1. Pick from Ala192, Ala205: which is free of Cβ contacts under 8 Å to residues at least 12 places away in the same chain, not acidic (Asp, Glu) and not in a loop (DSSP other than H, G, I, E, B)?
2. Among residues belonging to segment 208-241 that are in contact (Cβ under 8 Å) with a residue 40 or more places away in the chain and more than 25 Å from the chain's Cα centre (by Cα), point out the one that is surrounded by the most Cβ atoms within 10 Å (Cβ to Cβ).
3. Does Asp160 qualify as being free of Cβ contacts under 8 Å to residues at least 12 places away in the same chain, surrounded by fewer than 23 Cβ atoms within 10 Å (Cβ to Cβ), assigned by TED's automatic domain parsing to the domain that holds Val60 and at negative phi?
4. Looking at (1) over 17 Å from Val77 (Cβ atoms); (2) touching an Asp or Glu at 6+ places or on another chain (Cβ under 8 Å); (3) at pLDDT 95 or above; (4) surrounded by 19 or more Cβ atoms within 10 Å (Cβ to Cβ), can you tell me which one Arg190 breaks?
5. Would you mention how many residues in segment 286-301 are modelled with pLDDT of 95 or more and not acidic (Asp, Glu)?
6. I'm checking my understanding of the structure. Among residues of segment 313-359 that are in contact with a strand residue (DSSP E or B) (Cβ under 8 Å, 6 or more places away or on another chain) and surrounded by 20 or more Cβ atoms within 10 Å (Cβ to Cβ), which one is nearest to Glu418 (Cα to Cα)?
7. Taking segment 208-231 as the search range and keeping residues that are among the aliphatic types (A, V, I, L, M) and in a helix (DSSP H, G or I), which one is nearest to Thr258 (Cα to Cα)?
8. Can you name the residue in segment 394-420 that is modelled with pLDDT under 90 and outside any loop (DSSP other than H, G, I, E, B) and is also farthest from Gly434 (Cα to Cα) among such residues?
Amino acid sequence: MERTPDSSTTDSTGSPASETAPTTPSEGRDEAGVDRLYDASADTADQRRALVGGDVPVAVYGLGKMGLPVASVLASVTGNVVGADVDPDVVESVNAGESHVRGEPGLDGLVADRVDDGSLRAVSDPEVAADEASIHVVIVPTLLTEENEGDLSIVDAVVDAIATGIDPGDAVFVESTVPPGTCADRIAPRLAERSGLDRAAFGVAFCPERTASGRALRDITESYPKIVGGVDAESTRVADLVYGEVTDNDVIPVRDATTAEATKVFGGVYRDVNIALANEFARYADSMGIDVREAIAASNTQPYSHVLSPGPGVGGHCIPVYPHFLLSEFAVESPLVRISRLVNDGMPTHAVDRLRSILRTEADVSTVNGPAADASAAGEGTTDRDPAGTGSSESSASGLDGVRVLVLGVTYRPGVNELRNSPSYELIEELSRGGATVDVCDPLVGDLTGFAATPVSMAEAAGSAYDAVVAVTPHEEFSAFDWDALEPTVVLDCHDAVDLDGTDHREYTLGRAIALDGEGPPAGSPDMDR
């Protein structure tokens, strides 16, 4: 592999790396010394000096919301990073020293600095990056098929590109979350087959990203220990060496790549199951006439209780996806994991059922007039329970005719402009199917046209009249919402995060069957999910 001073001019259609690849790692070193790390015979101190001195070129495949922060941090550590992304706009912005990722503290300045000092640049052809690098970091999306099976097609495409340029002594680190066994049974054999190299000539390790949008740089460099596990001991050693320079926290080497993959998947599945349990507790609390969050908070004062908070569903690119990596890949009966997915997927429907029930009950006690009262008549005789937790209740498909609803917040969690798998999509669809007229407001999302609702600003919403408000995502920006300007109405606060003290609104939440401060129907009122 020839490395030129101006690698941006490399021709991606040049000769395959296997035609000129050295047969041993030591033969692959340049005149300056170590430039490859998968070599147990080399001195570790020399390798570390080469890494931080810029002699070990690094490629990062995928410059998305997590990939660009990873590439920028690695550029700060090594001074020699090329990022590859198929989106030409991303490549152009990075090479201009600009971050296309919004809402990441410190990232704009870090990208600008690293591009300015020449330690970071971007290309659109992953084969170009593969031909230049000896450390390859894969951080691209892993998706699900329509059958809820793992879709690793993007990972496969990156692996195939790496295979065109991989040399003996190179190492491939996979940060994308994948089903356990992927590195050992899929990626390493595929690299060997496509490159023509012996499997033992290069390293492969799973090194899961443990970051969240809005705090990526902090998470990468200090928040949590870094987990690494290789398909062989040397792969683990190299991953430990590299990430030891990246994080100020610990690096935890585990037995192998499959164990490392399981740690990431298990963590996500644990949260999904825990949230499903909290959501079931919320249903019980509605029937008991108590506040589920008060009960959970008190329960969690014992060190053996770690119940999370209920909500309107689970979104993002992680938690709703990882359970399917177990359910679809392994012939193991797992009713708990499967039912937890069903429970959480059914929460948008349950939230709409709760709203319809609240409106009907308030109409019964004459606290609401107009469209909401009409809705109560339309919903008479239906049930707001979905005992199986499947989200298939027919109740939300009726009983909302003529009701005007405002939905506040649509991203999958507060503080981020991320809509992937957001439960707001299904919740708004359920409201619309039930006959409601829906307005939607989210100050973090520029384009809300993908929702079955009319986009409005906070000022427009506050100046309107609604039969109900559903607060889905509690962005900090909503603290500026003028609740006093809004005509008194029912507020279903899905996360119990809205401060309505001093207003005339009647606040309910998932897991509390009465309005805040007792202004709504008393505990034990009919139709409150009993």
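The values are calculated or read from the model by the stated rules, or taken from the named source; none is laboratory data. Only a predicted model underlies this, so the values are computations on that prediction, with no experimental measurement involved. Neighbour counts are summed over all protein chains in view; Cβ atoms, including those assigned to glycine, are modelled from backbone coordinates with ideal geometry.
1. On inspection, the qualifying residue turns out to be Ala192.
2. Among them, the one singled out is Val238.
3. The answer is no for Asp160.
4. Going through (1) over 17 Å from Val77 (Cβ atoms); (2) touching an Asp or Glu at 6+ places or on another chain (Cβ under 8 Å); (3) at pLDDT 95 or above; (4) surrounded by 19 or more Cβ atoms within 10 Å (Cβ to Cβ) one by one, Arg190 breaks only (4).
5. Going through segment 286-301 one residue at a time, the tally reaches 9.
6. Residues of segment 313-359 that are in contact with a strand residue (DSSP E or B) (Cβ under 8 Å, 6 or more places away or on another chain), as a first pass: 321, 324-325, 328-329, 351, 354-355, 358-359.
If we keep only those that are surrounded by 20 or more Cβ atoms within 10 Å (Cβ to Cβ) too, we end up with 321, 324-325, 351, 354-355, 358-359.
Details: Val321: 15, His324: 21, Phe325: 22, Ala351: 21, Arg354: 26, Leu355: 25, Ile358: 30, Leu359: 31 Å.
Taking the candidates together, the pick is Val321.
7. Looking at residues that are among the aliphatic types (A, V, I, L, M) and in a helix (DSSP H, G or I), I get Ile220.
8. Applying the filter and picking the extreme gives Ser395.
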